[in-house]
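Single-structure report; data block below.
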Amino acid sequence: MTMNLAYLLAQPGVEEVVELRGSFGFMAFHGGSLEERTDLIARQAALDSNSSYYGVHQPAGLRQHVPSHRFTAEQSDALASFLAHVDVVITVHGFGRRGLFTTMLLGGTNRQLAAHTSVHLRRALPAYGVEDDLDKIPKELRGLHPHNPVNVPPMGGVQLELPPRVRGTSPLWWDWEGPHPTPHTSALIAALAESARTWRPTTSGRKPLDHPTSI
């Protein structure tokens, strides 16, 4: 059995969402119960910046990790329409790794957008580390595979990896009752929306895909 987007969409309760607005896009295709609150973050940042959004949301009880490079347009009309509509994207992911629990990682092939987004993240979340040097990001989190959706739009994009704390899913927030996201998550959403609103590329910004096996 091939674990790909088509397989995932066939699972009961999986929701595929596409909202087409501007040519800047946000994605959370590991959303829902898998990489928790990545869909909330990406979708709200898209709404606040008049950007487009694509997400795949897994229901409670389902945690199927399909590798990013297996989310391809021929498997979904919704994904195809999104990728044809946007020029550049930020894909929002969650990760947890010892030594990086307060660090956000910015991979993907558009290094100009990575640098631009990093400025906004550092300003909004000074207690966190922001790593946009590809050589310092673990290889499997760099997001450089050519079939990864972050690299498919004309200008590519940024794969943003978020640790649990900034997503509001760590024990730090055990007593947070909401209903709004935690202060850190709210600051993150605002920074991403501002990054999208102020994005003005001077070049394509794309890094050549010299690491084809990276996801």
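The values are calculated or read from the model by the stated rules, or taken from the named source; none is laboratory data. In this text, all values refer to a predicted model and were calculated from it rather than measured experimentally. Counting neighbours? That spans all protein chains shown, and the Cβs are built from the backbone with ideal geometry, glycine included.
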Exercise. Quick one: would you say Asn148 is of a type in the set (S, T, N, Q), surrounded by 20 or more Cβ atoms within 10 Å (Cβ to Cβ) and under 20 Å from Ser49 (Cα atoms)?
Worked result: no
For this session: Determine which single condition Asp132 fails, assuming it passes every other condition in (1) touching a helix residue (DSSP H, G or I) at 6+ places or on another chain (Cβ under 7 Å); (2) charged (D, E, K, R); (3) modelled with pLDDT under 95.
Result: (3)
For this session: Would you check if there is a residue in segment 38-51 being crowded, with 22+ Cβ neighbours inside 10 Å and closer than 18 Å to Ala73 by Cβ?
Result: no
Problem set entry | Top-ranked residue of segment 136-168 - restricted to ones that are more than 16 Å from Val86 (Cα to Cα) and assigned to a helix (DSSP H, G or I), ranked as farthest from the chain's Cα centre (by Cα) | Lys136
Seminar exercise, completed: Only one of Arg43, Arg70, Arg37 is modelled with pLDDT of 95 or more, basic (Lys, Arg) and touching a Phe, Trp or Tyr at 6+ places or on another chain (Cβ under 6 Å), namely Arg43
Problem set entry | Residues of segment 96-115 satisfying the condition of being in contact with a helix residue (DSSP H, G or I) (Cβ under 7 Å, 6 or more places away or on another chain) and crowded, with 20+ Cβ neighbours inside 10 Å | Met104, Leu105, Leu106, Gly107, Gly108, Thr109
Exercise. In segment 3-88, which helices (runs of 4 or more DSSP H) lie fully inside it and hold 3 or more residues that are over 22 Å from Leu188 (Cβ atoms)?
Worked result: 5-9, 77-85
